[in-house]
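The values are calculated or read from the model by the stated rules, or taken from the named source; none is laboratory data. This is a predicted model, so every value here is computed, not measured. Here the Cβ positions follow ideal geometry from the backbone for every residue, glycine too, while neighbour counts run over all protein chains shown. Heavy atoms of the whole protein, side chains included, go into the accessibility calculation; ligands, DNA and RNA do not. Shrake-Rupley method; radii C 1.70, N 1.55, O 1.52, S 1.80 Å.
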Amino acid sequence: LRVSIFLTSSGVDLVRKGAADTTHVHPMEPLLELMKDFLARGGTLWACPPCAKARGYTEDDLIDGVTIVGASAMHALILEGAATLSF
């Protein structure tokens, strides 16, 4: 099972280096640790290009493993039959 997350709008702010370092909602693990674990288990984190550009972010500004990529990557997975969840 492959899971990909396409971050838009202020979701892109969460993957900026340093942004999630102090985000911790008990009883869960700190957000940065959850994201690192997700990536280590093969998850994909994508950041919306216009959303990143509007904030002046490049991939160098984001945590390791996050890619700035257009929605076409997500659409390709959907065309292959991937299930979707949006919120």
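Here are the numbers for this structure:
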item	result
Count - residues of segment 29-62 that are among the aliphatic types (A, V, I, L, M) and either in contact with a Gly (Cβ under 7 Å, 6 or more places away or on another chain) or surrounded by fewer than 18 Cβ atoms within 10 Å (Cβ to Cβ) (or both)	6
Meets criteria (of a type in the set (A, V, I, L, M), open to solvent by 40 Å² or more (accessible area, probe 1.4 Å), within 13 Å of ILE5 (Cα to Cα) and under 13 Å from the mean Cα position of the chain (by Cα)) for ILE68	yes
Enumeration of residues in segment 71-83 that are open to solvent by 90 Å² or more (accessible area, probe 1.4 Å) and either of a type outside the set (D, E, K, R) or under 21 Å from LEU32 (Cα atoms) (or both)	HIS75, LEU79, ALA83
Matching residues in segment 2-44 - criterion: being of a type in the set (A, V, I, L, M) and either under 17 Å from HIS75 (Cβ atoms) or over 11 Å from the mean Cα position of the chain (by Cα) (or both)	VAL3, ILE5, LEU7, ALA19, ALA20, VAL25, MET28, LEU31, LEU32, LEU34, ALA40
